[in-house]
Amino acid sequence: MTSPTTTQKPAPTDPAGITAAVTALTTALVEIDASHRRIRHRLAHDLGFSTGELTAIYLVGTTENCTPKHLSGELDLSTGAITAMVDRLEKSGHLERRVHPTDRRSQLLAVTTAGRETNDAILGLYNSAIEDVVKNSPCVFDAGLIDCLRHAATAIDTAATAA
C-alpha cells in the first residue's frame, strides 16, 4: 500500500510570502491551541477534575522524577496551591507522594493506577479526534508537515524560555 503524497512548495523567500506563511501557520496553531483547551476542559469536566488537576495528572505521569516544585513551575501555581492540589489528587487516588531518593526535603510525585487510566483517557480522546484527520487528510503522511509542527513546538518553547 502506498501512502498519499503531497507536492511541497518551496519556502517563501520574499517578505510578503514570509508574512503570509507566518500568519497562516500562527492562525492554525492558535486554533489548535484553542481546540486543545476545549477538549481538556471537556475531559476534565467529564472526569470530575479541574483543568489544572487534569494537567497535573498528565504532567506527573509524563515527567520523570516529578517534584512538587517542578509541578509548581509547570502550572505557574504557588507551592501552597500545589500542596493542596496534590492532597486532593492523592485523596482521590490519582497521585501518590514518594520519598525523594537524594533530597530528604523534597518528594517525588507519581501517578497511581487511576492516574494512568486518566492519562490513557486523555490520549484516547486525542487519538479518536485525530483519527478523523488521519482518515481524511492525506497531508498527515507528509513527513514535512510533522517536522514543521515539531519545529514550531521547539521554536515556541524557545521563545517562551528566552530571557
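The values are calculated or read from the model by the stated rules, or taken from the named source; none is laboratory data. Source: prediction; values computed, not measured. So basically every Cβ, Gly included, is an ideal-geometry build from the backbone, and we count neighbours across all protein chains shown.
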#### Entry: Residues of the stretch 110-163 satisfying the condition of being over 24 Å from Ile39 (Cβ atoms) and in contact with a strand residue (DSSP E or B) (Cβ under 9 Å, 6 or more places away or on another chain)
Ala110
### Task
Could you run through the stretch 20-36 and say how many residues are over 13 Å from the mean Cα position of the chain (by Cα) and surrounded by 11 or more Cβ atoms within 10 Å (Cβ to Cβ)?
7
### Task
Quick one: in the stretch 118-163, of everything that is small (Gly, Ala, Ser) and farther than 28 Å from Ala44 by Cα, which residue is modelled with the lowest pLDDT?
Ala163
### Query
So Glu64 clears everything in (1) over 21 Å from the mean Cα position of the chain (by Cα); (2) surrounded by fewer than 14 Cβ atoms within 10 Å (Cβ to Cβ); (3) farther than 18 Å from Asp46 by Cα except one condition, right? Which one?
(1)
### Query
Limited to the stretch 120-163, what total is found for residues that are within 15 Å of the chain's Cα centre (by Cα) and assigned to a loop (DSSP other than H, G, I, E, B)?
0
### Message
Among the residues of the stretch 89-97, are any in contact with a strand residue (DSSP E or B) (Cβ under 9 Å, 6 or more places away or on another chain) and in a helix (DSSP H, G or I)?
### Response
yes
### Query
Restricting attention to the stretch 77-86, does a residue exist that is aliphatic (A, V, I, L, M), within 26 Å of Ala129 (Cβ to Cβ) and at pLDDT 95 or above?
no
## Note on the structure
Within the stretch 70-104, residues free of Cβ contacts under 8 Å to residues at least 12 places away in the same chain and surrounded by 13 or more Cβ atoms within 10 Å (Cβ to Cβ) come out as His70, Ser72, Ala81, Glu90
### Query
Just for the stretch 31-83: of the residues that are among the acidic types (Asp, Glu) and out of contact with any Ser or Thr (no Cβ under 9 Å at 6 or more places or on another chain), which one is farthest from Ser106 (Cα to Cα)?
Glu31
### Query
So which residues in the stretch 44-84 are more than 18 Å from Thr113 (Cα to Cα) and of a type in the set (A, V, I, L, M), if there are any at all?
Leu71, Leu75, Leu77, Ala81, Ile82, Ala84
### Residue tally, condition touching a helix residue (DSSP H, G or I) at 6+ places or on another chain (Cβ under 9 Å), exposed (fewer than 13 other Cβ atoms within 10 Å of the Cβ) and either within 21 Å of Ala153 (Cβ to Cβ) or of a type in the set (Asp, Glu) (or both), over the stretch 37-60
2
### Task
Just need a number here: residues in the stretch 105-116 that are surrounded by 10 or more Cβ atoms within 10 Å (Cβ to Cβ) and either at pLDDT below 95 or touching a His at 6+ places or on another chain (Cβ under 7 Å) (or both).
7
